[in-house]
Amino acid sequence: MKKDEFYSFLRKIPKAEIHLHAEATLSRKTVQALLDRTPDSPAKPASVEKLFSYNNLKDFITSFLYVQGMITKLSDLEAMFDDVATYLKANNIVYCELFFSPSMFMKKGFAFPDMIDVIQKAIAKVEKRDKLTIKLIIDVSRTFGVENAQSNLESTLKHKAPMVIGIGLGGDEEKGPAKLFGDVYAEAIKRGLHVVAHAGEVVGPESIWDALNTLKVERIGHGLSAIQDPKLVQHLVEKQIPVEICLTSNVITQKYVTKAEDHPVRAYFDQGVLVVINTDDPTFFDCSIIDEFWILHTKLKFTMPEIKQLIINGFKASFLTPAQKDAYIAQVETAWGK
Ligand SMILES: [Zn+2]
(Lines give C-alpha, C1' and ligand atoms only; values in the text may rest on other atoms or scores of the structure.)
Protein backbone atom coordinates (compact mmCIF):
# COMPACT_ATOMS: atom_id res chain seq x y z
CA MET A 1 0.00 0.00 0.00
CA LYS A 2 1.28 3.48 -0.86
CA LYS A 3 2.05 5.84 2.00
CA ASP A 4 -0.79 8.30 1.39
CA GLU A 5 -3.31 5.45 0.98
CA PHE A 6 -2.03 3.85 4.17
CA TYR A 7 -2.39 7.11 6.12
CA SER A 8 -5.87 7.90 4.85
CA PHE A 9 -7.02 4.33 5.49
CA LEU A 10 -5.61 4.27 9.03
CA ARG A 11 -7.19 7.64 9.78
CA LYS A 12 -10.59 6.00 9.29
CA ILE A 13 -9.90 3.33 11.90
CA PRO A 14 -10.77 4.16 15.52
CA LYS A 15 -7.80 3.60 17.82
CA ALA A 16 -6.73 3.55 21.44
CA GLU A 17 -3.48 4.96 22.78
CA ILE A 18 -2.56 3.96 26.31
CA HIS A 19 1.01 5.17 26.74
CA LEU A 20 1.00 8.88 26.06
CA HIS A 21 2.25 11.75 28.25
CA ALA A 22 0.05 14.85 28.40
CA GLU A 23 2.93 17.31 28.67
CA ALA A 24 4.62 15.67 25.66
CA THR A 25 1.54 16.18 23.52
CA LEU A 26 1.69 19.99 23.69
CA SER A 27 1.98 21.19 20.11
CA ARG A 28 5.29 22.68 18.95
CA LYS A 29 3.39 25.93 18.39
CA THR A 30 2.37 26.00 22.06
CA VAL A 31 5.92 25.11 23.13
CA GLN A 32 7.21 28.00 20.99
CA ALA A 33 4.75 30.37 22.69
CA LEU A 34 5.84 29.13 26.13
CA LEU A 35 9.48 29.56 25.15
CA ASP A 36 8.82 33.11 23.90
CA ARG A 37 7.42 34.18 27.25
CA THR A 38 10.11 32.43 29.34
CA PRO A 39 12.75 34.83 30.67
CA ASP A 40 16.29 34.36 29.34
CA SER A 41 18.62 32.19 31.40
CA PRO A 42 21.70 30.01 30.70
CA ALA A 43 19.44 26.92 30.70
CA LYS A 44 17.02 28.36 28.14
CA PRO A 45 17.38 26.61 24.77
CA ALA A 46 17.99 28.85 21.76
CA SER A 47 15.05 27.36 19.83
CA VAL A 48 12.31 24.74 19.91
CA GLU A 49 14.52 22.55 17.68
CA LYS A 50 17.35 22.76 20.21
CA LEU A 51 14.94 21.92 23.01
CA PHE A 52 13.86 18.80 21.15
CA SER A 53 17.29 17.50 20.17
CA TYR A 54 18.69 14.63 22.30
CA ASN A 55 19.83 11.07 21.84
CA ASN A 56 19.54 9.53 25.27
CA LEU A 57 16.90 9.24 27.98
CA LYS A 58 18.68 11.52 30.44
CA ASP A 59 18.80 14.48 28.04
CA PHE A 60 15.24 13.76 26.96
CA ILE A 61 14.10 13.90 30.62
CA THR A 62 15.96 17.21 31.03
CA SER A 63 13.96 18.61 28.07
CA PHE A 64 10.73 17.12 29.41
CA LEU A 65 11.29 18.80 32.77
CA TYR A 66 12.20 22.06 31.01
CA VAL A 67 8.90 22.02 29.11
CA GLN A 68 7.04 21.29 32.34
CA GLY A 69 8.96 24.17 33.90
CA MET A 70 7.59 26.60 31.31
CA ILE A 71 4.04 25.75 32.37
CA THR A 72 3.51 28.39 35.02
CA LYS A 73 -0.22 28.98 35.06
CA LEU A 74 -3.19 26.70 35.62
CA SER A 75 -4.63 28.00 32.35
CA ASP A 76 -1.58 26.46 30.58
CA LEU A 77 -2.80 23.05 31.73
CA GLU A 78 -6.21 23.79 30.25
CA ALA A 79 -4.58 24.75 26.92
CA MET A 80 -2.53 21.57 27.05
CA PHE A 81 -5.70 19.48 26.77
CA ASP A 82 -6.69 21.30 23.61
CA ASP A 83 -3.38 20.19 22.11
CA VAL A 84 -3.92 16.65 23.38
CA ALA A 85 -7.36 16.63 21.76
CA THR A 86 -5.94 17.95 18.47
CA TYR A 87 -3.40 15.12 18.42
CA LEU A 88 -6.02 12.46 19.30
CA LYS A 89 -8.45 13.70 16.68
CA ALA A 90 -5.84 13.90 13.93
CA ASN A 91 -5.11 10.21 14.48
CA ASN A 92 -8.68 9.10 15.20
CA ILE A 93 -7.75 7.98 18.70
CA VAL A 94 -11.13 7.62 20.34
CA TYR A 95 -9.92 6.28 23.66
CA CYS A 96 -6.81 7.35 25.54
CA GLU A 97 -5.18 6.50 28.85
CA LEU A 98 -2.99 9.53 29.41
CA PHE A 99 -0.09 10.03 31.82
CA PHE A 100 0.05 13.22 33.83
CA SER A 101 3.13 13.86 35.97
CA PRO A 102 2.30 16.25 38.82
CA SER A 103 5.66 16.22 40.68
CA MET A 104 7.33 19.16 38.95
CA PHE A 105 4.17 21.25 39.11
CA MET A 106 3.71 20.59 42.81
CA LYS A 107 7.32 21.53 43.47
CA LYS A 108 6.55 24.87 41.79
CA GLY A 109 3.64 25.44 44.11
CA PHE A 110 0.65 24.24 42.10
CA ALA A 111 -1.88 22.64 44.47
CA PHE A 112 -2.91 19.12 43.45
CA PRO A 113 -6.68 19.72 43.84
CA ASP A 114 -6.45 22.89 41.71
CA MET A 115 -4.68 20.99 38.93
CA ILE A 116 -7.15 18.11 39.04
CA ASP A 117 -10.04 20.57 38.97
CA VAL A 118 -8.68 22.35 35.88
CA ILE A 119 -7.81 19.07 34.15
CA GLN A 120 -11.19 17.56 34.90
CA LYS A 121 -12.96 20.53 33.33
CA ALA A 122 -10.59 20.56 30.36
CA ILE A 123 -11.14 16.86 29.72
CA ALA A 124 -14.92 17.18 30.06
CA LYS A 125 -14.83 19.99 27.49
CA VAL A 126 -12.77 18.13 24.88
CA GLU A 127 -14.62 14.84 25.44
CA LYS A 128 -17.91 16.52 24.70
CA ARG A 129 -16.61 18.58 21.78
CA ASP A 130 -14.49 15.91 20.10
CA LYS A 131 -16.39 12.74 21.04
CA LEU A 132 -13.46 10.93 22.59
CA THR A 133 -12.64 9.52 26.00
CA ILE A 134 -9.59 10.38 28.10
CA LYS A 135 -8.66 8.62 31.34
CA LEU A 136 -5.74 9.74 33.46
CA ILE A 137 -2.88 7.75 34.94
CA ILE A 138 -0.93 9.73 37.51
CA ASP A 139 2.80 9.25 37.00
CA VAL A 140 4.11 9.22 40.57
CA SER A 141 7.68 9.34 39.10
CA ARG A 142 10.91 7.49 39.83
CA THR A 143 12.91 10.69 39.49
CA PHE A 144 12.07 12.43 42.78
CA GLY A 145 12.25 9.53 45.25
CA VAL A 146 9.84 7.39 47.23
CA GLU A 147 8.49 10.09 49.55
CA ASN A 148 7.49 12.18 46.56
CA ALA A 149 5.77 9.17 44.96
CA GLN A 150 3.97 8.43 48.24
CA SER A 151 2.79 12.03 48.45
CA ASN A 152 1.58 11.92 44.82
CA LEU A 153 -0.42 8.79 45.64
CA GLU A 154 -1.92 10.37 48.76
CA SER A 155 -2.99 13.42 46.77
CA THR A 156 -4.44 11.18 44.05
CA LEU A 157 -6.49 9.25 46.60
CA LYS A 158 -7.57 12.31 48.56
CA HIS A 159 -8.80 14.21 45.50
CA LYS A 160 -10.07 11.21 43.58
CA ALA A 161 -11.62 12.32 40.31
CA PRO A 162 -13.57 9.83 38.19
CA MET A 163 -11.25 10.17 35.20
CA VAL A 164 -8.23 9.12 37.29
CA ILE A 165 -7.93 5.35 36.93
CA GLY A 166 -4.43 4.49 38.07
CA ILE A 167 -0.83 5.30 38.77
CA GLY A 168 2.31 4.83 36.72
CA LEU A 169 6.04 5.10 37.22
CA GLY A 170 7.96 7.12 34.64
CA GLY A 171 11.19 9.06 34.83
CA ASP A 172 14.72 7.94 35.56
CA GLU A 173 14.75 4.14 35.65
CA GLU A 174 18.40 3.93 36.71
CA LYS A 175 18.02 6.38 39.57
CA GLY A 176 14.71 5.04 40.85
CA PRO A 177 14.56 1.23 40.69
CA ALA A 178 11.08 -0.30 40.85
CA LYS A 179 11.73 -2.21 44.04
CA LEU A 180 11.83 1.05 46.04
CA PHE A 181 8.18 1.72 45.24
CA GLY A 182 6.59 -1.55 46.49
CA ASP A 183 4.67 0.04 49.38
CA VAL A 184 3.33 2.87 47.20
CA TYR A 185 2.03 0.35 44.67
CA ALA A 186 0.59 -2.00 47.31
CA GLU A 187 -1.41 0.91 48.72
CA ALA A 188 -2.61 1.98 45.26
CA ILE A 189 -3.81 -1.56 44.49
CA LYS A 190 -5.54 -1.79 47.87
CA ARG A 191 -7.36 1.45 47.11
CA GLY A 192 -8.64 0.19 43.77
CA LEU A 193 -6.30 1.95 41.36
CA HIS A 194 -4.84 0.31 38.27
CA VAL A 195 -1.05 0.09 38.26
CA VAL A 196 1.44 0.28 35.40
CA ALA A 197 5.15 1.12 35.19
CA HIS A 198 7.77 2.04 32.64
CA ALA A 199 10.29 -0.80 32.87
CA GLY A 200 13.06 -2.20 30.70
CA GLU A 201 13.40 1.08 28.82
CA VAL A 202 17.03 1.71 29.81
CA VAL A 203 17.60 -1.03 32.42
CA GLY A 204 17.82 -4.77 31.83
CA PRO A 205 15.14 -7.45 32.25
CA GLU A 206 15.58 -7.44 36.05
CA SER A 207 13.80 -4.09 36.08
CA ILE A 208 10.79 -5.68 34.35
CA TRP A 209 10.79 -8.62 36.76
CA ASP A 210 10.81 -6.12 39.67
CA ALA A 211 7.89 -4.21 38.18
CA LEU A 212 5.95 -7.47 37.84
CA ASN A 213 6.90 -9.14 41.11
CA THR A 214 7.30 -6.20 43.48
CA LEU A 215 4.94 -3.60 42.03
CA LYS A 216 2.42 -6.16 40.66
CA VAL A 217 1.87 -4.02 37.59
CA GLU A 218 -0.86 -4.88 35.09
CA ARG A 219 1.09 -3.58 32.07
CA ILE A 220 4.71 -2.91 31.22
CA GLY A 221 5.70 0.37 29.58
CA HIS A 222 8.42 -0.15 26.91
CA GLY A 223 9.62 -3.63 28.00
CA LEU A 224 12.47 -3.24 25.54
CA SER A 225 15.03 -5.29 27.47
CA ALA A 226 12.67 -8.29 27.95
CA ILE A 227 14.08 -9.71 24.72
CA GLN A 228 17.34 -10.45 26.61
CA ASP A 229 15.52 -12.94 28.85
CA PRO A 230 13.56 -15.70 27.07
CA LYS A 231 11.95 -16.78 30.37
CA LEU A 232 10.58 -13.28 30.82
CA VAL A 233 9.15 -13.19 27.29
CA GLN A 234 7.55 -16.56 27.97
CA HIS A 235 6.08 -15.20 31.21
CA LEU A 236 4.63 -12.15 29.41
CA VAL A 237 3.06 -14.49 26.86
CA GLU A 238 1.63 -16.93 29.41
CA LYS A 239 0.13 -14.20 31.60
CA GLN A 240 -0.81 -12.05 28.59
CA ILE A 241 0.67 -9.00 30.30
CA PRO A 242 0.43 -6.15 27.79
CA VAL A 243 3.64 -4.45 26.71
CA GLU A 244 3.24 -0.81 25.67
CA ILE A 245 5.65 -0.50 22.74
CA CYS A 246 7.04 2.98 22.00
CA LEU A 247 9.24 2.32 18.97
CA THR A 248 10.33 5.79 17.81
CA SER A 249 10.91 6.83 21.41
CA ASN A 250 13.25 3.84 21.89
CA VAL A 251 15.12 4.52 18.66
CA ILE A 252 15.69 8.18 19.54
CA THR A 253 16.84 7.53 23.11
CA GLN A 254 19.22 4.88 21.68
CA LYS A 255 19.67 2.66 24.71
CA TYR A 256 19.00 -0.77 23.23
CA VAL A 257 18.07 -0.02 19.61
CA THR A 258 19.33 2.58 17.17
CA LYS A 259 17.08 1.72 14.24
CA ALA A 260 13.49 0.54 13.87
CA GLU A 261 14.52 -2.72 12.17
CA ASP A 262 16.29 -3.84 15.35
CA HIS A 263 13.31 -3.26 17.65
CA PRO A 264 12.09 -6.46 19.35
CA VAL A 265 8.41 -5.66 18.70
CA ARG A 266 8.41 -8.07 15.73
CA ALA A 267 9.84 -10.89 17.87
CA TYR A 268 7.42 -10.15 20.73
CA PHE A 269 4.43 -10.18 18.40
CA ASP A 270 5.54 -13.39 16.68
CA GLN A 271 5.99 -15.11 20.05
CA GLY A 272 2.52 -14.11 21.23
CA VAL A 273 3.19 -11.16 23.53
CA LEU A 274 0.19 -8.81 23.78
CA VAL A 275 1.91 -5.76 22.28
CA VAL A 276 0.28 -2.34 21.97
CA ILE A 277 1.58 0.52 19.83
CA ASN A 278 2.10 4.00 21.30
CA THR A 279 4.01 7.21 20.68
CA ASP A 280 4.99 8.01 24.30
CA ASP A 281 5.83 11.68 23.57
CA PRO A 282 4.64 12.63 20.08
CA THR A 283 5.87 16.24 20.18
CA PHE A 284 9.27 15.35 21.64
CA PHE A 285 9.86 12.56 19.13
CA ASP A 286 8.03 14.19 16.24
CA CYS A 287 5.81 11.16 15.60
CA SER A 288 2.17 10.14 15.54
CA ILE A 289 0.57 6.77 16.14
CA ILE A 290 -0.11 6.45 12.40
CA ASP A 291 3.60 7.10 11.74
CA GLU A 292 4.37 4.26 14.14
CA PHE A 293 2.08 1.89 12.22
CA TRP A 294 3.70 2.98 8.95
CA ILE A 295 7.17 2.17 10.34
CA LEU A 296 5.92 -1.23 11.51
CA HIS A 297 4.42 -1.91 8.09
CA THR A 298 7.41 -0.82 6.03
CA LYS A 299 10.41 -1.59 8.22
CA LEU A 300 9.23 -4.53 10.31
CA LYS A 301 6.97 -6.13 7.72
CA PHE A 302 3.76 -6.06 9.73
CA THR A 303 1.02 -7.04 7.28
CA MET A 304 -2.29 -5.18 7.19
CA PRO A 305 -4.11 -7.96 9.15
CA GLU A 306 -1.32 -7.72 11.74
CA ILE A 307 -1.71 -3.92 11.92
CA LYS A 308 -5.41 -4.47 12.53
CA GLN A 309 -4.57 -6.89 15.34
CA LEU A 310 -2.24 -4.29 16.89
CA ILE A 311 -5.02 -1.71 16.80
CA ILE A 312 -7.41 -4.17 18.46
CA ASN A 313 -4.72 -4.90 21.07
CA GLY A 314 -4.82 -1.21 22.02
CA PHE A 315 -8.38 -1.66 23.28
CA LYS A 316 -7.74 -5.17 24.66
CA ALA A 317 -4.84 -3.96 26.81
CA SER A 318 -6.75 -0.94 28.13
CA PHE A 319 -8.55 -0.65 31.45
CA LEU A 320 -11.96 -0.49 29.80
CA THR A 321 -14.59 -3.02 30.89
CA PRO A 322 -14.95 -6.16 28.74
CA ALA A 323 -18.23 -4.83 27.29
CA GLN A 324 -16.64 -1.48 26.40
CA LYS A 325 -13.68 -3.25 24.79
CA ASP A 326 -16.04 -5.39 22.70
CA ALA A 327 -17.94 -2.31 21.55
CA TYR A 328 -14.76 -0.50 20.45
CA ILE A 329 -13.36 -3.62 18.76
CA ALA A 330 -16.63 -3.98 16.83
CA GLN A 331 -16.13 -0.38 15.63
CA VAL A 332 -12.63 -1.27 14.43
CA GLU A 333 -13.97 -4.32 12.56
CA THR A 334 -16.69 -2.25 10.88
CA ALA A 335 -14.32 0.58 9.89
CA TRP A 336 -11.74 -1.89 8.60
CA GLY A 337 -14.25 -3.63 6.34
CA LYS A 338 -13.27 -6.65 4.27
ZN1 LIG B 1 6.53 7.02 28.70
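Couple of notes before you dig in:
- Within segment 206-236, tally of residues that are within 14 Å of the ligand (Cβ to nearest atom) and touching a Lys or Arg at 6+ places or on another chain (Cβ under 8 Å): 1
- Lone qualifier among 286, 280 - being touching a residue at least 40 places away in the same chain (Cβ under 8 Å), of a type outside the set (Gly, Ala, Ser), at positive phi and crowded, with 22+ Cβ neighbours inside 10 Å: 280
- The residue that is farthest from the ligand (Cβ to nearest atom), among those in segment 296-306 that are surrounded by fewer than 20 Cβ atoms within 10 Å (Cβ to Cβ) and aliphatic (A, V, I, L, M), is 304.
- Subset of segment 272-292 that is touching a strand residue (DSSP E or B) at 6+ places or on another chain (Cβ under 7 Å) and under 21 Å from residue 50 (Cβ atoms) - its residue that is farthest from the ligand (Cβ to nearest atom): 281
- All of 59, 117, 40 fail the test of being of a type in the set (Asp, Glu) and either within 17 Å of the chain's Cα centre (by Cα) or modelled with pLDDT of 95 or more (or both), apart from 117.
- Of all residues in segment 250-264 being in a helix (DSSP H, G or I) and at pLDDT 95 or above, the one that is nearest to the ligand (Cβ to nearest atom): 250
- On inspection, residue 172 qualifies as under 18 Å from residue 253 (Cβ atoms) and either among the charged types (D, E, K, R) or modelled with pLDDT under 95 (or both).
- Evaluation of residue 256 against (1) under 18 Å from residue 314 (Cα atoms); (2) surrounded by fewer than 21 Cβ atoms within 10 Å (Cβ to Cβ); (3) touching a residue at least 24 places away in the same chain (Cβ under 8 Å); (4) not β-branched (Val, Ile, Thr) (one fails), failing number: (1)
- Test set (1) open to solvent by 20 Å² or more (accessible area, probe 1.4 Å); (2) in a helix (DSSP H, G or I); (3) within 16 Å of the ligand (Cβ to nearest atom) - residue 267 fails condition number: (3)
The values are calculated or read from the model by the stated rules, or taken from the named source; none is laboratory data. Please read these numbers as outputs of a predicted model, since none were measured by experiment. FYI the Cβ positions are ideal-geometry reconstructions off the backbone, even for glycines, and counts take in every protein chain you see. When the accessible area is computed, the model is the full protein with side chains, heavy atoms only, and any ligands, DNA or RNA have been set aside. Shrake-Rupley method; radii C 1.70, N 1.55, O 1.52, S 1.80 Å.
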